[in-house]
1. Out of the stretch 207-251, which residues are surrounded by fewer than 18 Cβ atoms within 10 Å (Cβ to Cβ) and in a strand (DSSP E or B)?
2. With respect to LYS273, is the statement that it is surrounded by fewer than 17 Cβ atoms within 10 Å (Cβ to Cβ), in a helix (DSSP H, G or I) and within 19 Å of the chain's Cα centre (by Cα) true?
3. Of all residues in the stretch 1-34, which are part of a strand (DSSP E or B) and of a type in the set (Val, Ile, Thr)?
4. Which residue is surrounded by the fewest Cβ atoms within 10 Å (Cβ to Cβ), if the candidates are limited to the stretch 181-191 and must be closer than 13 Å to LEU269 by Cα and hydroxyl-bearing (Ser, Thr, Tyr)?
5. Among the residues of the stretch 95-106, write down those that are open to solvent by 10 Å² or more (accessible area, probe 1.4 Å) and either touching a residue at least 40 places away in the same chain (Cβ under 8 Å) or among the polar types (S, T, N, Q) (or both).
6. Please find, among PRO124, PRO53, the residue that is open to solvent by 10 Å² or more (accessible area, probe 1.4 Å) and either under 21 Å from MET206 (Cα atoms) or in a helix (DSSP H, G or I) (or both).
7. Quick check, is ALA210 over 21 Å from ASP178 (Cβ atoms) and either in contact with a strand residue (DSSP E or B) (Cβ under 6 Å, 6 or more places away or on another chain) or in contact (Cβ under 8 Å) with a residue 12 or more places away in the chain (or both)?
8. Could you please find all residues in the stretch 14-67 being without any contact (Cβ under 8 Å) to a residue 60 or more places away in the chain, small (Gly, Ala, Ser) and in contact with a Gly (Cβ under 6 Å, 6 or more places away or on another chain)?
Amino acid sequence: MKRIPSDWPNRQHSSTVSVGGLDWHVQLTGKGPVVLLLHGTGSSTHSWSDLIPLLEADAQVLVPDLPGHAFTLGAKLEDLTLDEIANSLQLLIEQLGIEAPSIVVGHSAGAPLALRFAVGSSKPPKLVIALNPSFIPPPTVYTSFFGPLLGPITRSSTLSSLLASLSPSLGMVDKLLDSTNTILPETRRVYYRKLFERSEHVRGSMNFMAAADIHKVLVEANLYRGKLICVLGNQDAWIPVKPLEKIILDYFPAAEIVKWEGGHIMHELEPNKVAQLILEGLKTESGD
């Protein structure tokens, strides 16, 4: 636990769980059906920090740092595929000794991961909520910032260390956040800056993005037979709503599409709206 900063959000719920070659940083709290929250590329548990307290009275909330990200250590670069991480999540849940998740929520790249997890689970979640899901390629602004890291050089830590060291002085993280069309307050930006000062986080994040096989997620979309809710931000500059909506209609015709006013990270500013979706899902499942 020493590696978790003392001021990290919801640190009182943090623990380290070692399984399958990974030292996971997880936050687990609450009682009731299990709700699994999966952050997107370059993020961490902090992304859900204001949502967790809204759920813990009605659900057992499991929030991990994904392999290659933040304070989950031990990931090999070749294991940062969606299927490998989905398998590792299954091992984590077994190690924790908790029930299979009833609802899985994924933001951005966490959404296709949520679907791969659901497909591979012996007891699939009844509901997947995809927030600004990355069912289309990453935005130009993202790849232009980090394009060099997506090539073979990613196998070396040299460039990621350099990028991490330059990040604060160049203001790169703030520019990246602003490009999402979600204007986060300083109280939330600080955590992203801390993360991107860690070369392991930079390298893991970029390799996770590069390894995401979105095509496989789409062509095997019919393998998930539960309910899918896709929440799209009308001002999302990273995953524009029109092409994303077309992909969803083509590959997930039974999905419920909800549109909110907001950019790519809008869930961090709208935790109450996300909580309402989840709690409604829990009520529907229980038959209330």
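1. LYS227
2. Criteria met by LYS273.
3. THR16, VAL17, VAL19, VAL26, THR29, VAL34
4. THR187
5. Correct list: GLN95, LEU96, ILE98, GLU99, ALA100, SER102.
6. PRO53
7. Spelling it out, ALA210 is indeed over 21 Å from ASP178 (Cβ atoms) and either in contact with a strand residue (DSSP E or B) (Cβ under 6 Å, 6 or more places away or on another chain) or in contact (Cβ under 8 Å) with a residue 12 or more places away in the chain (or both).
8. GLY21
The values are calculated or read from the model by the stated rules, or taken from the named source; none is laboratory data. Values in this document were obtained by computation on a predicted structure and should not be read as measured data. Note: ideal-geometry Cβ built from the backbone for every residue, glycine included; neighbour counts use all protein chains shown. Keep in mind that these areas ignore ligands, DNA and RNA; they rest on the heavy atoms of the full protein, side chains included. Shrake-Rupley method; radii C 1.70, N 1.55, O 1.52, S 1.80 Å.
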